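J.: I have a structure I would like to understand better, so I am pasting it below and will then ask my questions one at a time.
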Amino acid sequence: MDRIIVSTGYMGSGSSAITDLVAEFKDCQNEFKSYEYILLHCPNGLFDLEDKLLLGNNAIRSDEAIRTFYNHMKKLYDKKFWWVGNYKKVIGPNFMKITDEYVNSLINFNYDSYWYTHEEVNTKMFMKLLIRKPFKILSRNKLKFKKVLRYNDGMKICLPSKDEFYDKSKKYINNIIEEISKGKKNIILDQLLLPFNLYRVDNYFDDKLKVIVVERDPRDVFMLNKYIWPQKQYCVPMPQDVDSFCEYYKRMRESEIKTDSNKVLRVKFEDLIYNYEKEVEKIKKFLGFKDSEHIAKKTRFNPEISIKNTQLFNNEIYKEEISVIEEKLKDYLYDFPYELDNNVKETIEFE
């Protein structure tokens, strides 16, 4: 494999434009288009496992970490109608086998013991305890039963060094990517990483990884989030009140731990449209593509169409809200080369 190409952004920032653009190049695998691969950064995903095993770890923490990671990967594998799941199809039938091998390689000890996380009563345990109660009363507590536990396979203890964890995790990720790629030279994985995780990339990936982060003018993001997506039943977890939106957006952007890794390129969604040729040239250079490899130019990403999704805020009826964003988020605004009067009802949605 030559390249692992990841497009990412800040929810609604237009990172799918990169997914579409790169899919126009020769030998780029993108079977599921803008499907989002979340297994690294989702709650109880690989990065949560990293934090639990490398920061303040102990026997109980590692047992919980391994179990929650494995159970979540199983959900992503099994749940066919969960839009971020169905890994059995999207990644491949070997996903759980690869995950089993990875988890087993991390476990240092697995002995017959338990602690309070194993004793937390669930419905199944409660029913067992309920059935046993009369027998204990009749025997005056002389009848002994095996302790009812949530887990019956002992404690899974994992106390890796940083080098051990990263080496095994690299192998795990590479095995999954090979499963997805099906032998293709280049693979596009939308949202495999988020901007907030990029400080970790050098621990997990070699120079085959190429991440493109897309930023977008928050005025258009606000317009989409309040006036377009809800009507189309798209849910994005951002406030619709303009003051709350500004506070949320600023905190979100400031929370990011910036990286200077050469694996990461930052672009503006608007530059892909208003400075198309120059921006595509920059992206080609970053990815190492030749001009001759752009074999399907503008068939997936066409700036003449996507321009309809910009400057949606240029209407007097939005002036009051937009002025708040222009004051509070001025560092994130795009300097448009000319003004358009686009209508929110004419925005274009892409698959």
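The values are calculated or read from the model by the stated rules, or taken from the named source; none is laboratory data. All values reported here derive from a predicted model rather than from experimental measurement. Positions of Cβ are generated from backbone atoms using ideal geometry, with glycine treated the same way; all protein chains shown enter the neighbour counts. These area figures cover heavy atoms from the full protein model, side chains too; ligands, DNA and RNA do not enter into them. Shrake-Rupley method; radii C 1.70, N 1.55, O 1.52, S 1.80 Å.
J.: Rank these residues by their accessible area, most exposed first, probe 1.4 Å: Lys263, Lys226. Walk me through the numbers before you get to the answer.
T.: Details: Lys263 15, Lys226 55 Å².
Highest to lowest solvent-accessible surface, that is Lys226, Lys263.
J.: Would you mind getting me the FRET efficiency between Glu327 and Asn302? Use the beta-carbon distance for r and R0 = 35 Å, nearest 0.05. Walk me through the numbers on the way to the answer.
T.: Working: r = 34 Å, r/R0 = 0.97.
Step by step, r from the Cβ atoms, then E = 0.55.
J.: Using a 1.4 angstrom probe on heavy atoms only, work out the carbon and sulfur share of the accessible area of segment 240-351 in %.
T.: On the way: 3170 of 6910 Å².
The C+S portion of the solvent-accessible surface of segment 240-351 is 46 percent.
J.: Taking the simple approach of a point 7 Å from Cα along Cα-to-Cβ for both Tyr199 and Asn152, what is their distance in nm?
T.: Reported label-point gap for Tyr199 and Asn152 is 4.4 nm.
J.: What translational diffusion coefficient, in µm²/s and rounded to a whole number, does the Stokes-Einstein relation yield for segment 70-145 at 37 °C and a viscosity of 0.692 mPa s, taking the hydrodynamic radius as the Kirkwood radius over Cα pairs?
T.: Working: Rh = 16.2 Å.
In µm²/s, the coefficient rounds to 203.
J.: Please report the carbon-and-sulfur percent of the accessible area for segment 1-78; probe 1.4 Å, protein heavy atoms only, DNA, RNA and ligands left out. It would help to have the intermediate numbers written out before the result.
T.: On the way: 1180 of 2510 Å².
Percent of accessible area from carbon and sulfur atoms in segment 1-78: 47.
J.: If I take every Cα pair under 8 Å that is 6 or more residues apart in the chain, average their sequence separation and divide by the length, what percent do I get for the relative contact order?
T.: Details: 481 pairs, mean separation 97.3, N = 351.
Computed over the chain, the figure is 28 percent.
J.: Against the longest alpha carbon principal axis of the chain, how many degrees, from 0 to 90 and to the nearest 10, is the axis of helix 123-138 turned?
T.: Rounded to the nearest ten degrees, it is 10.
J.: Given R₀ = 25 Å, what would the calculated FRET efficiency be for Asp27 paired with Lys171, taking r from the Cβ atoms and rounding to 0.05? Please report the intermediate quantities before stating the final value.
T.: Working: r = 25 Å, r/R0 = 0.98.
Here the calculated transfer efficiency is 0.55.
J.: For segment 192-322, what is the relative contact order in percent, using Cα pairs closer than 8 Å and at least 6 residues apart in sequence?
T.: Working: 90 pairs, mean separation 47.8, N = 131.
RCO, segment 192-322: 37 percent.
J.: In square angstrom, rounded to the nearest 10, how much accessible surface does Ser292 have for a 1.4 Å probe?
T.: Answer for Ser292: close to 90 Å² accessible.
J.: Where is the GNM fluctuation largest for the chain (alpha-carbon springs, 10 angstrom cutoff): Ile131, Ile173, Ile228?
T.: Result: Ile131 has the largest fluctuation of those listed.
J.: Please state the charge dipole magnitude for the chain, taken about the Cα centre, from unit charges on C-beta atoms (+1 on K and R, -1 on D and E), reported in debye and rounded to the nearest 20.
T.: So the magnitude is around 2660 debye.
J.: Can you flag which of Lys80/Lys298; Lys208/Lys285; Lys168/Lys290; Lys33/Lys284; Lys168/Lys284; Lys74/Lys170 are past 24 Å Cα-Cα? Write out the running numbers ahead of the final one.
T.: Working: Lys80/Lys298 32 Å; Lys208/Lys285 14 Å; Lys168/Lys290 34 Å; Lys33/Lys284 20 Å; Lys168/Lys284 32 Å; Lys74/Lys170 20 Å.
Those over the limit are Lys80/Lys298; Lys168/Lys290; Lys168/Lys284.
J.: Over segment 17-139, average the accessible area per residue using a 1.4 Å probe and give it in Å², no decimals.
T.: Details: 6660 Å² over 123 residues.
Here the per-residue accessible area is 54 Å².
J.: Moving on to the next point. Can you tell me the length gained on complete extension of the stretch Thr123 to Glu293, counting 0.36 nm per residue apart and subtracting the Cα distance? Walk me through the numbers on the way to the answer.
T.: Working: separation 170, 0.36 × 170 = 61.20 nm, distance 5.80 nm.
Between Thr123 and Glu293, full extension yields an extra 55.4 nm.
J.: Evaluate the Debye formula for segment 306-345 with equal point scatterers sitting on the alpha carbons, no solvent, and hand back log10 of I(q)/I(0) at q = 0.24, 0.27, 0.29, 0.30 Å⁻¹, in q order, two decimals.
T.: For segment 306-345, the Cα-only Debye profile gives -0.92, -1.08, -1.15, -1.18.
J.: Which number do you get for Rg(Cα) / (2.2 N^0.38 Å) in the chain? Before the final figure, lay out the partial values.
T.: On the way: Rg = 24.6 Å, N = 351, 2.2 N^0.38 = 20.4 Å.
The reported ratio for this selection is 1.21.
J.: Taking amide H positions as placed 1.01 Å from N in the peptide plane, with prolines and chain starts having none, which residues 5 or more places from Leu265, or on another chain, fall under 5 Å of its amide H?
T.: Val211, Ile212, Val213
J.: List the residues of segment 229-258 whose backbone N lies under 20 Å from a point placed 7 Å from the Cα of Leu55 along the Cα-to-Cβ direction.
T.: 251-258, by backbone N distance to the label point.
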